[in-house]
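Taking it in order: structure first as structure tokens, then the write-up.
The values are calculated or read from the model by the stated rules, or taken from the named source; none is laboratory data. Since the model is a prediction, treat every value here as computed from it, not as a measurement. Note that we place each Cβ from the backbone using ideal geometry, even for glycine, and neighbour counts take in every protein chain shown.
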Amino acid sequence: MELKTCLELARRHGASDVHLEPGLPMALRVHGDLQTHGSPQSREELQALARQLIGERRWSEFLERKSFDTSATIAGVRCRINVLRSLRGIGLAIRLLSGFQPTLGRLNLHPDLGKLIKNRHGLILVSGPTGSGKSSTLAALIHEVNLREARHIVTVESPIEFAFRPRKSFIRQREVGRDTPSFDQALLDSLREDPDLMMVGEMREPETIRLTINAANTGHLVLSTLHSSSCSEALARVVSAFPPEIQDGVRAQLADCLVAVVTQRLSYRPELKLRVPECEILIANDAVKNLIRQGSFFKLTSQIETGVQDGMWTFERYDQWLQHKRDWFRPQAASEQEAPDSEPEIAIDDDVGATPPPALRLTRPAPAESHEEIVRRPPVESGGTGDDEGVIVLDAPEQSIEDILRELDDDI
């Protein structure tokens, strides 16, 4: 089965992930559950597919590492692809990304999250288990900045999942392995590139965590993700990544730069036929910063429960907000429409006999004619000759076509 066919089937079923493994049928994750489709895939077929995706130039890299991450747009679907070796041979794990540019509203997230990116410096962490939508939330926060402010945004990702079109902001996106050798090198480079906002796809290694915290402490706003099931666990994992003898200093640095931690999970709502994010939000107020310095991460849960006035949310209270939410965004409907940040596609009409709409013509009156104003002639009624259909007559010879068009735009 071709990859294009697999993804078309996955999109029709509303799947979030596709798994291909030699000797097994294709598996789709639909609303959090796995479903199998079709006949078992052959080892040779999947190896040829993987080689085509990776390319001959980087095939040797895959053979050495036994895994490869990439992203691609296939059959109109943006995908994040992991190619891996397993007991049966070469398999693929494919994540289907949103067919639209994520925003807080389109992801059905609480608008209070937009307040976080008003900060000019500090660290914002988005945590959660695998497949909980962390990357989409990061993309939504970056796009909110892009729509409103003129900032220099630098992203470091592995691989690039959402390609941003700059609006008000100046955006550079770098992919680890293609544009930079590592997260660490990209972070060091970014500090010399005059960024206002930095996005680190994932904090995995201690050195990456250290450089991310340093960047947040040097006057930059930094967004990143990590895996955890709660805000307190996320912060504890950041600190525990370092040797015990330096953890006191790490906690002090983290307390100084932290803006917020957002932990999210996806919950399927049958009445909506949607998976929606449920969030726990920790805001770094003075009390929270003191607990971080002391290493009392287990006490952060009570701070979230009592921090309503500071904009904190427990999972339970966030779920109550979701129960009262009515303006749901439907990704299925949006994917059928043109994404506002994608290049518009040209629709080709296969009906040869269809009559094209009349072209708009601009003309100036003959010298003998006299016009006191611009006359816009409507299309002729049925039965007319149609010679003047779509014609705009201009009466000002000294005006340029550009001036006239501006006047017409103002009138409309």
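Selection of the stretch 279-296 for residues being in a loop (DSSP other than H, G, I, E, B), in contact (Cβ under 8 Å) with a residue 12 or more places away in the chain and over 22 Å from residue 113 (Cβ atoms) yields only 295.
Which residue, of 116, 138, 188, 197, is within 26 Å of residue 249 (Cβ to Cβ), assigned by TED's automatic domain parsing to the domain that holds residue 236 and buried (at least 23 other Cβ atoms within 10 Å of the Cβ)? Show your work before the answer.
On the way: 116 fails: buried (at least 23 other Cβ atoms within 10 Å of the Cβ); 138 fails: within 26 Å of residue 249 (Cβ to Cβ); 188 fails: buried (at least 23 other Cβ atoms within 10 Å of the Cβ).
That would be 197, the only listed residue that is within 26 Å of residue 249 (Cβ to Cβ), assigned by TED's automatic domain parsing to the domain that holds residue 236 and buried (at least 23 other Cβ atoms within 10 Å of the Cβ).
Flag not set for residue 2, criterion: farther than 30 Å from residue 272 by Cβ, out of contact with any strand residue (DSSP E or B) (no Cβ under 9 Å at 6 or more places or on another chain) and modelled with pLDDT of 90 or more.
Is it true that residue 82 is farther than 22 Å from residue 279 by Cβ and not charged (D, E, K, R)?
When the stated conditions are applied, residue 82 passes them.
If you scan the stretch 219-236, which residues turn out to be out of contact with any Asp or Glu (no Cβ under 8 Å at 6 or more places or on another chain) and either of a type in the set (Asp, Glu) or under 21 Å from residue 198 (Cα atoms) (or both)? Step through it out loud before you land on a result.
The initial filter retains those residues of the stretch 219-236 that are out of contact with any Asp or Glu (no Cβ under 8 Å at 6 or more places or on another chain), namely 219, 222-223, 227-229, 232-236.
Those that are out of contact with any Asp or Glu (no Cβ under 8 Å at 6 or more places or on another chain) and either of a type in the set (Asp, Glu) or under 21 Å from residue 198 (Cα atoms) (or both): 219, 222, 223, 227, 233, 234, 235.
For the stretch 261-276, enumerate the residues that are buried (at least 22 other Cβ atoms within 10 Å of the Cβ) and farther than 17 Å from residue 239 by Cβ. Across the stretch 261-276, the qualifying residues are 262, 264. Residue 263 passes every criterion in (1) in a strand (DSSP E or B); (2) over 26 Å from residue 158 (Cα atoms) apart from (2).
Scanning the stretch 290-300 for residues that are within 15 Å of residue 312 (Cβ to Cβ) and either at pLDDT below 95 or surrounded by fewer than 17 Cβ atoms within 10 Å (Cβ to Cβ) (or both) yields one hit, 299.
Across the stretch 15-68, the number of residues qualifying as touching a helix residue (DSSP H, G or I) at 6+ places or on another chain (Cβ under 7 Å) and closer than 25 Å to residue 98 by Cα comes to 8.
Among residues that are out of contact with any helix residue (DSSP H, G or I) (no Cβ under 6 Å at 6 or more places or on another chain), touching a residue at least 12 places away in the same chain (Cβ under 8 Å) and on the phi > 0 side of the Ramachandran plot, residue 219 is included. Among the strands (runs of 3 or more DSSP E) confined to the stretch 30-147, the ones with at least 2 residues that are at pLDDT below 90 and in contact with a strand residue (DSSP E or B) (Cβ under 9 Å, 6 or more places away or on another chain) are located at 67-74, 77-86.
Which is in contact (Cβ under 8 Å) with a residue 12 or more places away in the chain and touching a helix residue (DSSP H, G or I) at 6+ places or on another chain (Cβ under 8 Å), of 276, 308?
Values: 308 fails: in contact (Cβ under 8 Å) with a residue 12 or more places away in the chain.
Only one candidate passes the filter, namely 276.
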